[in-house]
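Working notes, beginning with the structure itself.
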């Protein structure tokens, strides 16, 4: 098996973030790395400049804005269709957003943890926001009560107990199995990713990582949080472009996830109630976001 690693990142006019992503990647692992940029239609030239500057990068044009999970799947498929490359035999795959900055040895520390957790299908690092605070990236799966109440009341009552329980806000960082891990940075065991068929392509953006963690768990794999590995994630890069549109997409994805878990005919009233509650919440937060945008403009 080759020691070379493949890092997949999905680009959509990533700007200067991509250069910081690639520059700091050199400090994250001692292994040789190939970066596949699955480009969803960038117009800023950043992916093309990256290919010129960094010889370990490949640009894969997806043909349009396919969404995050679909673009990752296309990148992984491109590796499988390239049997001449040793990297297709690598046991692990890294998926990360282009607005990530890698901490020293962050990838190697996750690889070390993978040795300690042979049933880990996904491993994720501690994620810091740009202000240095720890982002709650290792969470419980969103049950009907805990996840539903977080979704409905979270934007209006941030200290509510359901959000705290769901996000595990009060848990000290420790290496442990969790329900799911943030898709902004994942070390994936390729066998596990292939077994569940990769990302569910119904999710354009948001919740695809929750769904992935859930399906890995149902297939007998673990999602393992590795806080000894650290990255910084400027998540405002993707969410700040059109917050109203993104919030609406988040609610659609939340309904897709929850309705999948309650699929029976007799559960139809429950699905209708969830859809209605999410629609009301979406309307409120989207209007709030648009008012804030108008003030900012």
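Looking at (1) modelled with pLDDT under 95; (2) more than 15 Å from residue 187 (Cα to Cα); (3) part of a loop (DSSP other than H, G, I, E, B), which one does residue 3 not meet, given that it meets all the others?
(2)
Do we have residue 34 as in contact with a helix residue (DSSP H, G or I) (Cβ under 6 Å, 6 or more places away or on another chain), modelled with pLDDT of 95 or more, surrounded by fewer than 20 Cβ atoms within 10 Å (Cβ to Cβ) and closer than 25 Å to residue 226 by Cα here? Break it down into steps so the answer makes sense when it comes.
Values: in contact with a helix residue (DSSP H, G or I) (Cβ under 6 Å, 6 or more places away or on another chain): yes; modelled with pLDDT of 95 or more: yes; surrounded by fewer than 20 Cβ atoms within 10 Å (Cβ to Cβ): yes; closer than 25 Å to residue 226 by Cα: yes.
Against the criterion (in contact with a helix residue (DSSP H, G or I) (Cβ under 6 Å, 6 or more places away or on another chain), modelled with pLDDT of 95 or more, surrounded by fewer than 20 Cβ atoms within 10 Å (Cβ to Cβ) and closer than 25 Å to residue 226 by Cα), residue 34 qualifies.
Tell me which residues, restricted to the range 207-235, are assigned to a helix (DSSP H, G or I) and within 23 Å of residue 128 (Cβ to Cβ).
First, pick out the residues of the range 207-235 that are assigned to a helix (DSSP H, G or I): 208-218.
Listed by number, the residues that qualify are 208, 209, 210, 212, 213.
When residues of the range 250-263 are filtered for being more than 23 Å from the chain's Cα centre (by Cα) and at pLDDT below 70, how many remain?
So the first thing to find is which residues in the range 250-263 are more than 23 Å from the chain's Cα centre (by Cα), and the list is 262-263.
Next, only the ones that are at pLDDT below 70 stay: 263.
Residues in the range 250-263 being more than 23 Å from the chain's Cα centre (by Cα) and at pLDDT below 70: 1 in total.
Checking residue 165 against (1) out of contact with any helix residue (DSSP H, G or I) (no Cβ under 7 Å at 6 or more places or on another chain); (2) at pLDDT below 90; (3) not in a loop (DSSP other than H, G, I, E, B), only one condition comes out false. Which one?
Of everything listed in (1) out of contact with any helix residue (DSSP H, G or I) (no Cβ under 7 Å at 6 or more places or on another chain); (2) at pLDDT below 90; (3) not in a loop (DSSP other than H, G, I, E, B), residue 165 misses just condition (1).
Only residues that are touching a residue at least 40 places away in the same chain (Cβ under 8 Å) and surrounded by fewer than 18 Cβ atoms within 10 Å (Cβ to Cβ): list them for the range 4-20, please.
First pass over the range 4-20, keeping only residues touching a residue at least 40 places away in the same chain (Cβ under 8 Å): 4-12, 14-15, 17-18, 20.
Those that are touching a residue at least 40 places away in the same chain (Cβ under 8 Å) and surrounded by fewer than 18 Cβ atoms within 10 Å (Cβ to Cβ): 4, 15.
Evaluate the following for residue 64: is it on the phi > 0 side of the Ramachandran plot and at pLDDT below 95?
yes
For the range 66-78, check the following and say yes or no: at least one residue is in contact with a strand residue (DSSP E or B) (Cβ under 7 Å, 6 or more places away or on another chain), assigned by TED's automatic domain parsing to the domain that holds residue 193, surrounded by fewer than 23 Cβ atoms within 10 Å (Cβ to Cβ) and in a loop (DSSP other than H, G, I, E, B).
Among the residues of the range 66-78, not one is in contact with a strand residue (DSSP E or B) (Cβ under 7 Å, 6 or more places away or on another chain), assigned by TED's automatic domain parsing to the domain that holds residue 193, surrounded by fewer than 23 Cβ atoms within 10 Å (Cβ to Cβ) and in a loop (DSSP other than H, G, I, E, B), which makes the answer no.
Mind checking which pairs have a first residue in the range 62-88 that is over 16 Å from residue 205 (Cα atoms) and a second that is modelled with pLDDT under 75 and loosely packed, with under 12 Cβ neighbours inside 10 Å, Cβ under 7 Å, 6 or more apart or different chains?
88/82
The values are calculated or read from the model by the stated rules, or taken from the named source; none is laboratory data. What you see is a predicted model, and the numbers here were worked out from it, not measured in a lab. Ideal geometry is used to build each Cβ from the backbone, glycine not excepted, and the neighbour counts take in all protein chains shown.
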